[in-house]
Structures are given as C-alpha cells and as structure tokens.
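Quick notes on the structure that follows.
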Amino acid sequence: MFRRYLDVSEAARYLDMSERWMYRESRKHGIPRYYFGGRLRFKLDDLDRWVKQQRVA
C-alpha cells in the first residue's frame, strides 16, 4: 500500500491555501498532521477526509 505524505508547501498547494495558513490553522481546525524529524507532514488521504468533513449544506 502506497502512503503519500506532503510537506507544508505541497499540502498548502493541494488545499489552495497559504503555507502560513497550514501552520497556523492545521492545529486550530484539527487537520491531521505528523512530525517526522521535526518537520510537519500531512497525509493525502487525511486531507481528503478532512475536506469532505468541511462541507456546508
């Protein structure tokens, strides 16, 4: 099984947000994140799941 982790700049581009937003708001909004070697990473599947949860009716 292939697991894809994105760095902050890749995740920001994927969500069409700024890197600053990713650092600040990922904690605030509960976006699943990981630290590898002191670097922030985001799993692509987690981002997709989080986005779906943000849907407004």
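If only one of Phe36, Phe2, Phe42 is of a type outside the set (Ser, Thr, Tyr) and modelled with pLDDT of 95 or more, which one is it? Write out each step before concluding.
Working: Phe36 fails: modelled with pLDDT of 95 or more; Phe2 fails: modelled with pLDDT of 95 or more.
When all the criteria are applied, what remains is Phe42.
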Residue within the stretch 8-17 that is more than 12 Å from the chain's Cα centre (by Cα) and either in a loop (DSSP other than H, G, I, E, B) or at pLDDT below 95 (or both) present: no
Breaking point among (1) of a type in the set (D, E, K, R); (2) in contact (Cβ under 8 Å) with a residue 40 or more places away in the chain; (3) surrounded by 15 or more Cβ atoms within 10 Å (Cβ to Cβ); (4) touching a helix residue (DSSP H, G or I) at 6+ places or on another chain (Cβ under 6 Å), for Arg4: (3)
Some residue of the stretch 29-41 being touching a residue at least 40 places away in the same chain (Cβ under 8 Å), open to solvent by 60 Å² or more (accessible area, probe 1.4 Å) and in contact with a Leu (Cβ under 7 Å, 6 or more places away or on another chain): no
Residue list for the stretch 46-57, filter: without any contact (Cβ under 8 Å) to a residue 40 or more places away in the chain and within 13 Å of Arg4 (Cβ to Cβ): Asp46, Asp48
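The values are calculated or read from the model by the stated rules, or taken from the named source; none is laboratory data. In this text, all values refer to a predicted model and were calculated from it rather than measured experimentally. All Cβ positions, glycine included, derive from the backbone under ideal geometry; neighbour counts span all protein chains shown. Areas reflect the complete protein model, heavy atoms only, side chains present, ligands, DNA and RNA absent. Shrake-Rupley method; radii C 1.70, N 1.55, O 1.52, S 1.80 Å.
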